[in-house]
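Just so it is clear, none of the values below were taken in a lab; they were calculated from the coordinates. The shown structure was predicted, so the numbers you read here are calculated from the model rather than taken from an experiment. As a convention, Cβ positions derive from the backbone with ideal geometry for all residues, glycine included, and neighbour counts pool all protein chains shown.
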Amino acid sequence: MPVPHLLQSKLPQVGTTIFTQMSALAATHGAINLSQGFPDFPIDDDLIERVAYYMRLGRNQYAPMTGTPQLRTSIAAKIERIYGYTPDAEKEITVTSGATEALYAVIAAVIGPGDEALVLDPAYDSYAPAVALQGGKPIHIPLQYPGFRPDWNVIRSSITPRSRLIIINTPHNPTGSAWQPDDLLQLEELVLQHKLLVLSDEVYQHLIYDGQQHQSVLSRPEIRKHAAAVFSFGKTFHATGWKAGYVVAPEAFSAEIRKVHQYLTFSTHTPTQLALADYLQKPENYEHLPQFYQKKHDLFLELLKDSRFKPLPCNGTYFQLLDYSGISNKPDVEMARWLTVEKGVAAIPISVFYVDKQDHCLLRFCFAKQEETLRKAAELLCKI
């Protein structure tokens, strides 16, 4: 018999994620799913073949807890190529079972009871619960609407003696904004003055548009001494279901992250790690991504130019925000459900990413889809 009187929820306000809800609603009503962030096109056959190769070779047992040496070495070489900095593959790179696991491991390594973590809203929905589970307190700071830029004056004024960590995300999910060089300068000043640690969610590092450069904490020597940067192979190589990511942090920081990681998943799928190690050795396998996704983004906007939706600027990720205030005054959660059920296109409401549920009449659409999918979705949206 269940004993509910013995259970006390550590996350009483948390239910099923909006991503699960909207994908389920899309499936129920046969809607085109532009809500959850996953591609509907295949990954590279060469990558699949490498995974199969290592499976047949018998490399099917546990990988080292920190990741295979081959993959950590390939990651270090990639970082050196992009940012001019070579992390220690043995001591500063940890392979994880997806970026979400890495985010949790970093937060659990840093935050204890009573500690505060600065969270910039709208924020990816795993940050605050991970802080709360450690007995910490998320301090929610809104990004400036409509450009979703950090307000450094507000951030500074939010720091207290209990502030331990600032969580940043660029390119930014759910808004598609991207940091500029001055943001890193402001962050560096903040970190050094207040002795903060940084968790930098950079899973969309290669999805940056209009000639901009990704602003990574790894590119700033003073910041990276205090930072853990999290990345995702799933986002980079269109294989979100593989749940493979990694975190780069200084040796002492990595040691604490690994203490948590070893009890979360211990290690990640071995053949996939070995295949990724090989695949990373060809930079063309990731250097083309800005152009690849820029074409999809530009096509989606072109298809929507005659619609009543108003697009907001998108500097990165594979998400486009659309303002529907010229169409309806429905709350965004209600609008997202109406759009899915009545019009056949699923999107994500933005208010769910705010602790105070700010509603700017915005929906997030994923354009990491085949051209045919985008054309069908845009046709339905233009009829509204």
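Rounded to the nearest 0.05, what FRET efficiency is calculated for Phe41 and Leu7 with R0 set to 51 Å and r the Cβ-Cβ distance?
So, using R0 = 51 Å, E works out to roughly 0.75.
Only sites in a loop by DSSP and with at most 16 other Cβ atoms within 10 Å count here; which chymotrypsin sites (Phe, Trp or Tyr not before Pro) in segment 53-159 make the cut?
Tyr62, Tyr85
Can you put Thr265, Thr16 in order of Cβ neighbours within 10 angstrom, beginning with the fewest?
Arranged by neighbour count, lowest to highest, Thr265, Thr16 become Thr16, Thr265.
Express in nm, to one decimal, how much length is gained between Glu256 and Arg308 on full extension, taking 0.36 nm for each residue of separation and deducting their alpha carbon distance.
Answer, rounded to one decimal: 13.7 nm.
Given springs between every Cα pair under 10 Å in a Gaussian network model of the chain, which of Val14, Val355, Val131 has the largest fluctuation?
Maximum among the listed residues: Val14.
Once fully extended, how much extra length lies between His360 and Val341, figured as 0.36 nm per residue of separation less the alpha-carbon to alpha-carbon distance?
That works out to 4.7 nm of additional length.
Quick check: residue separation of Thr86 and Ile48 times 0.36 nm, minus the Cα distance between them. What number comes out in nm?
Length gained, Thr86 through Ile48: 10.9 nm.
Determine the calculated [θ] at 222 nm for the chain from helices alone, applying -39500 (n - 2.57) to every DSSP H run no shorter than 4 residues and normalising by the residue count; nearest 500 deg cm²/dmol.
Calculated mean residue ellipticity at 222 nm is -12000 deg cm²/dmol.
Between segment 326-347 and segment 124-152, what's the alpha-carbon centroid distance in Å?
Spelled out, the Cα-based centre of one part sits 26 Å from the other.
Going by a ≥ b ≥ c, the root eigenvalues of the Cα gyration tensor, does segment 1-55 fall in the rounded group (a/c under 1.5), the prolate group (a/b larger than b/c) or the oblate group?
Oblate, since a/c reaches 1.5 and b/c is not below a/b.
In nm, to one decimal, how far is the His194 label point from the Ile384 one, both placed 7 Å along Cα→Cβ?
3.8 nm
In a solvent-free Debye calculation with one equal scatterer on each Cα, what is log10 I(q)/I(0) for segment 45-284 at q = 0.14, 0.15 Å⁻¹, listed in the order of the q values?
Those come out to -0.88, -1.01, one per q.
Which Cα, out of Gly147, Thr17, Ile48, lies furthest along the positive dipole direction of segment 1-150 (beta carbon charges, K/R +1, D/E -1)?
It is Thr17.
Please go through the residue pairs Lys243/Lys310; Lys343/Lys376; Lys78/Lys235; Lys235/Lys295 and name each one whose alpha carbons sit more than 22 Å apart in this structure.
Listed pairs above 22 Å: Lys243/Lys310.
Taking only C-alpha pairs under 8 Å that are 6+ residues apart, what is the relative contact order of segment 45-284 in percent?
31 percent
Compute the label zone of Gln180 within segment 136-171: residues whose backbone N is under 15 Å from the point 7 Å along Cα-to-Cβ.
In segment 136-171, the label zone of Gln180 (backbone N under 15 Å from the point 7 Å along Cα→Cβ) covers 144-153.
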